[in-house]
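Data first, discussion second: the structure below is written as structure tokens.
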């Protein structure tokens with residue numbers, strides 16, 4: 001899991017054998033703070049991640065205490081509700097650009113051939129200053145839809161250069177992301193999948209009028225034409 005909610009100066013990966021459930025938010029109902037996601041850790045995988053990043057010239061810290069923040073355990077509760085799949089979390093570097101995170105993903109690409117699912121968890125748009133908590137279902141600010149459509153089209157065209165330069169090329173990019181930490185996990189997933197992977201948008205939900213929660217699945221291009229032969233490489 002690569003979550004927008006673990007920020008470090010350089011890559012760090014959790015080697016915890018029993019990662020705790022981190023409730024890194026405030027102001028919500030008490031029931032939310034009682035939720036737990038007791039998935040086992042994956043320390044061997046964490047060390048493999050550090051090995052791969054090191055081979056690409058990136059020093060990676062091993063954190064034996066880091067648990068799973070809500071950017072990790074919330075989507076995992078829906079993907080693997082029994083919490084039976086071992087998981088480790090990798091941090092982002094918010095002071096570094098999308099190209100850095102794409103290189104992180106490229107370094108991790110061998111994992112997609114080793115039975116590992118790489119998941120980037122963030123938000124396709126994330127301007128909390130414009131959140132409308134009373135927005136009706138289905139309401140979406142016009143710029144949000146324009147940004148969603150640009151990303152879908154650009155990913156579909158395998159235009160990695162444009163994606164990495166999204167703050168200059170995408171419509172209303174700076175408005176969609178005043179700071180870009182919530183989009184950085186996408187570039188890790190994209191790098192892990194590879195530029196020639198098949199990208200499919202499976203959800204395009206918008207919450208509070210301005211928080212787009214699009215989900216993409218990146219699949220390997222199969223040798224066979226049978227769709228059942230496709231295996232997910234990464235998710236954002």
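Once the Cα-Cα distance is subtracted from the 0.36 nm per residue extended length, the residue 85 to residue 34 segment shows a gain of 16.3 nm. In this rough spin-label picture, where each label sits 7 Å from Cα along the Cβ direction, the residue 17-residue 149 distance is 5.4 nm.
Only helices enter the 222 nm calculation for the chain: every DSSP H run of n ≥ 4 contributes -39,500 (n - 2.57), and dividing by all residues gives -9000 deg cm²/dmol, rounded to 500.
Only Cα pairs under 8 Å and 6+ residues apart enter the sum, and on that basis the relative contact order of the chain stands at 24 percent. With the convex hull of its Cα atoms as the shape, the stretch 117-236 has an orientation-averaged projected area of 7.5 nm². Ranked from largest, the principal axis spans of the Cα set of the stretch 162-218 equal 30, 24, 18 Å. One way to sum up the overall shape of the stretch 1-93 is the equivalent ellipsoid from its Cα gyration tensor, whose semi-axes run 24, 15, 10 Å, largest first.
DSSP beta bridges confined to the chain are antiparallel in about 50 percent of cases.
In terms of overall dimensions, the stretch 99-145 has a Cα radius of gyration and Dmax of 16.9, 45 angstrom. The simple spin-label model puts a point 7 Å past each Cα toward its Cβ; for residue 213 and residue 95 those points are separated by 3.2 nm. If you bin all the Cα-Cα distances of the chain at 5 Å, starting from zero, the percentages per bin are 1, 7, 14, 19, 20, 17, 13, 8, 2, 0, 0.
Taken together, the values in this text are just the output of simple stated rules run on the coordinates, not laboratory data. Note that the structure is predicted; figures quoted are calculated from it, not measured. Note that we place each Cβ from the backbone using ideal geometry, even for glycine, and neighbour counts take in every protein chain shown.
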